[in-house]
Amino acid sequence: METNWTKAEFKAYLLAYCAQTDYIETEEEKDFILDLVSSDAYKSVKHELKSDNDYQSIQKIQYNIEKFNYSDNEIETLLSDIKNLFIADGEVDILETNLFRALQKIIKN
């Protein structure tokens, strides 16, 4: 699925998607995201995320990884940011663990 996001908006979308994996975006997770991206980037994709299903979100993630031609180092940074997001609230549940494993495969392909 094509998007016209900036790289910052994509990162905001990816992290917001990850934060809501367990259906609860904690204040700690939101604060973590806002430490990495601007509130404008976050707000611009948050509404879209609410209307997307998982399939659409994964398609957008794959599209933007290719669109921005992420290097191996940038991919590792994204994965590290996702991992740190999951531990931001002090607890990593099974849904977050499973999503992280899936995203590793999706993002690295």
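The values are calculated or read from the model by the stated rules, or taken from the named source; none is laboratory data. All values derive from a computational prediction rather than experimental measurement. Cβ sites come from the backbone with ideal geometry, for glycine too, and all protein chains shown count toward neighbours. Only protein heavy atoms, including side chains, enter the accessible area calculation; ligands, DNA and RNA are left aside. Shrake-Rupley method; radii C 1.70, N 1.55, O 1.52, S 1.80 Å.
Within region 4-18, is even one residue in contact with a helix residue (DSSP H, G or I) (Cβ under 9 Å, 6 or more places away or on another chain), aromatic (Phe, Trp, Tyr) and open to solvent by 50 Å² or more (accessible area, probe 1.4 Å)?
Within region 4-18 (the criterion being in contact with a helix residue (DSSP H, G or I) (Cβ under 9 Å, 6 or more places away or on another chain), aromatic (Phe, Trp, Tyr) and open to solvent by 50 Å² or more (accessible area, probe 1.4 Å)), the answer is no, since none of the residues qualifies.
Within region 26-56, how many residues turn out to be open to solvent by 40 Å² or more (accessible area, probe 1.4 Å) and of a type outside the set (Asp, Glu)?
15
Take region 73-106 and flag every residue that is assigned to a loop (DSSP other than H, G, I, E, B) and of a type in the set (Asp, Glu).
Correct list: ASP89, GLU91, ASP93.
Got a sec? Which of TYR42, TYR70 is in a helix (DSSP H, G or I), within 16 Å of ALA12 (Cα to Cα) and either without any contact (Cβ under 8 Å) to a residue 60 or more places away in the chain or of a type outside the set (Val, Ile, Thr) (or both)?
TYR42
Within region 41-80, track down each residue that is at negative phi and among the polar types (S, T, N, Q).
Those that are at negative phi and among the polar types (S, T, N, Q): SER44, SER51, ASN53, GLN56, SER57, GLN59, GLN62, ASN64, SER71, ASN73, THR77, SER80.
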